[in-house]
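Below is one structure, written out as structure tokens; comments come after it.
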Amino acid sequence: MDSATPESAPAQQGDSPEVLLGDPRVARLQAELAEANARAAETEARLRQVSSAYRQKVEEIDSIKDRLSRQAAVQEEIRRGEVVESLFEPVENLHRSLETVKGTVAEGGLRMVHQEFMSALGKLGLQEVPGLGHKFDPNVHEAIATMPVTDRTQDNMVVNVFSIGFRIGTRLIRPARVIIGAFQEQ
């Protein structure tokens with residue numbers, strides 16, 4: 001007598017699919033397969049959630065890095081502006097001294113020292129505000145007077161610069177003090 005039970009007996013090559021479907025081993029394997037597929041689908045869904053959360057965090061970190069970089073650039077511009085502002089008055093006094101010594105022996109030396117200071121300040125980002133011949137811009141110019149002009153093209157244009165204006169990047173250190181043209185017909 002054969003001691004093998006139908007559960008442990010291997011399926012014979014000639015067994016029909018109907019016989020196999022009734023086999024409890026097949027039903028158990030199908031249940032295990034369905035459970036494994038469900039776990040795989042659950043794991044896949046969780047992996048998608050984790051991947052999405054990871055991408056969001058990476059985007060957040062990149063955004064924070066960009067914001068911090070912009071803030072650092074602004075802070076650097078402010079610090080350079082403060083350094084330039086602290087040196088600005090002595091350089092302006094040197095510039096005024098040039099006006100008083102025009103035509104003397106001292107003019108050449110003072111002009112050279114002034115140019116060296118301006119070059120060094122330029123390396124820190126100091127830029128001259130556009131002046132003579134430019135359109136009046138209240139953001140960078142301070143109008144101290146108007147002058148009548150008969151040429152329409154000179155209307156609202158800087159026709160004289162009383163003192164040069166300067167900025168570092170977008171930060172205005174000092175507005176240019178200017179006289180602007182005001183058109184008047186003759």
- request: With respect to Leu121, determine if the residue is touching a Leu at 6+ places or on another chain (Cβ under 6 Å), surrounded by 15 or more Cβ atoms within 10 Å (Cβ to Cβ) and over 30 Å from Phe183 (Cα atoms).
  value: no
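Please go through the stretch 50-104 and pick out each residue that is among the basic types (Lys, Arg) and in contact with a Leu (Cβ under 7 Å, 6 or more places away or on another chain). Walk me through it before giving the result.
Keep residues of the stretch 50-104 that are among the basic types (Lys, Arg), which gives 55, 57, 65, 67, 70, 79-80, 96, 102.
Result: Arg80, single match.
Is it the case that some residue within the stretch 57-78 is in a helix (DSSP H, G or I), within 27 Å of Phe166 (Cβ to Cβ), in contact (Cβ under 8 Å) with a residue 40 or more places away in the chain and not polar (S, T, N, Q)? It would help to see each step written out before you state the result.
Here is the first cut: in the stretch 57-78, the ones in a helix (DSSP H, G or I) are 57-78.
Checking the rest, the ones that are also within 27 Å of Phe166 (Cβ to Cβ) come to 69-78.
Going one step further and asking which of them are in contact (Cβ under 8 Å) with a residue 40 or more places away in the chain, we end up with 77-78.
Applying the additional criterion that residues be not polar (S, T, N, Q) yields 77-78.
Yes, there is a match, as at least one residue in the stretch 57-78 is in a helix (DSSP H, G or I), within 27 Å of Phe166 (Cβ to Cβ), in contact (Cβ under 8 Å) with a residue 40 or more places away in the chain and not polar (S, T, N, Q).
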- request: For the stretch 129-176, enumerate the residues that are exposed (fewer than 13 other Cβ atoms within 10 Å of the Cβ) and under 30 Å from the mean Cα position of the chain (by Cα).
  value: Lys135, Pro138, Asn139, Thr170
Pair list, Cβ under 6 Å, 6 or more apart: the stretch 36-48 residue touching a residue at least 40 places away in the same chain (Cβ under 8 Å), other residue among the basic types (Lys, Arg) and in a helix (DSSP H, G or I): none
- line: Selection from the stretch 79-105 of residues aliphatic (A, V, I, L, M) and exposed (fewer than 13 other Cβ atoms within 10 Å of the Cβ) yields Val105
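Just so you know, all these numbers are worked out from the coordinates, no wet-lab data involved. In this text the structure is predicted, and so the values were computed from the model without any measurement. Methodologically, a virtual Cβ is constructed for each residue, glycine included, from the backbone with ideal geometry; neighbour enumeration extends over all protein chains shown.
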